[in-house]
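Q: If you scroll down you'll find the structure; I have some questions about it.
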Amino acid sequence: MSEHPEDSSCEIPGGPPADDRRHRQFDGEAWDGVSPRVYKLGGSSAPGAAWQDVARHTLAGGAGEPMAFQLRYFEIEPGGYSSLEKHRHVHTIVVLRGAGRVVVGREVFDVAPFDFVYVPPNIPHQFVNAGAETFGFLCPVDADRDPPQPLTTEEIHDLLGYPKVREVVRIAEDMGSGIRDPGSETHVVIARGAAPKQSP
């Protein structure tokens, strides 16, 4: 586990299960006995670390179960987005509701229910709600994993050189506490003056 759990939505410890049930029903909004939790704790002034309107539900693996993975469900509200980050562990998601745009390195994928996305190790990525309703997806990860790493200024400039990525990626102008980006739809201030690269 991470030495810095406050830096990662992947590392926030879950509470013990409310009961010993092996079945949880979904009522259209949430699973019974699974409370939504804050996406990330703590703050960071690193470029790309800001996020907006994201909730995390840990369905399995967060309460000491004997398993090598965690199954999480994330919801991003309209206008919301996850942090822009990278890490050594693999990410996969399966979309369950809404519409999203997923930045994976220099690529952008428009996703809808039941789409699958694979994020390779150490590749910058971000999840953005692209619709008028909640964007929800399952995200299984290794239980023992490294914390997300911020992108360097050079990595951000490189990503922003690709028009499709620049159109989608969200980087707050003022990181503030890093708890939540309360800002506008301003996408990227750090890229001003950067010459766009041609897509390969």
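The values are calculated or read from the model by the stated rules, or taken from the named source; none is laboratory data. What you see is a predicted model, and the numbers here were worked out from it, not measured in a lab. All Cβ positions, even for glycine, are placed from backbone atoms using ideal geometry, and neighbour counts span all protein chains on display.
Q: Could you tell me whether any residue of the stretch 72-94 is in a strand (DSSP E or B), more than 11 Å from the chain's Cα centre (by Cα), over 17 Å from Asn129 (Cα atoms) and aliphatic (A, V, I, L, M)?
A: Looking through the stretch 72-94, none of the residues is in a strand (DSSP E or B), more than 11 Å from the chain's Cα centre (by Cα), over 17 Å from Asn129 (Cα atoms) and aliphatic (A, V, I, L, M).
Q: Then there is this: Within the stretch 81-110, how many residues are touching a Ser or Thr at 6+ places or on another chain (Cβ under 9 Å), over 18 Å from Phe26 (Cβ atoms) and either buried (at least 20 other Cβ atoms within 10 Å of the Cβ) or of a type in the set (Gly, Ala, Ser) (or both)?
A: 4
Q: Scan the stretch 73-89 and report the pairs whose first residue is touching a residue at least 12 places away in the same chain (Cβ under 8 Å) and on the phi > 0 side of the Ramachandran plot and whose second residue is part of a strand (DSSP E or B) and surrounded by 22 or more Cβ atoms within 10 Å (Cβ to Cβ), with Cβ atoms within less than 9 Å and a gap of 6+ or a chain change.
A: Gly79/Asn129
Q: If you scan the stretch 95-111, which residues turn out to be more than 19 Å from Arg56 (Cα to Cα) and either assigned to a loop (DSSP other than H, G, I, E, B) or among the small types (Gly, Ala, Ser) (or both)?
A: Those that are more than 19 Å from Arg56 (Cα to Cα) and either assigned to a loop (DSSP other than H, G, I, E, B) or among the small types (Gly, Ala, Ser) (or both): Gly105, Arg106.
Q: State the number of residues belonging to the stretch 58-71 that are surrounded by 15 or more Cβ atoms within 10 Å (Cβ to Cβ) and part of a strand (DSSP E or B).
A: Of the residues in the stretch 58-71, 5 are surrounded by 15 or more Cβ atoms within 10 Å (Cβ to Cβ) and part of a strand (DSSP E or B).
Q: Give the stretch 1-55 a look and list any residue that's within 17 Å of the chain's Cα centre (by Cα), among the acidic types (Asp, Glu) and modelled with pLDDT of 80 or more, or say none.
A: Selection gives Asp53 alone.
Q: In addition: Scan the stretch 119-148 residue by residue and report those that are touching a residue at least 40 places away in the same chain (Cβ under 8 Å), out of contact with any Gly (no Cβ under 8 Å at 6 or more places or on another chain) and buried (at least 16 other Cβ atoms within 10 Å of the Cβ).
A: If the condition is that a residue be touching a residue at least 40 places away in the same chain (Cβ under 8 Å), out of contact with any Gly (no Cβ under 8 Å at 6 or more places or on another chain) and buried (at least 16 other Cβ atoms within 10 Å of the Cβ), then Leu138, Cys139, Pro140, Val141, Arg145, Asp146, Pro147, Pro148 are the ones that fit.
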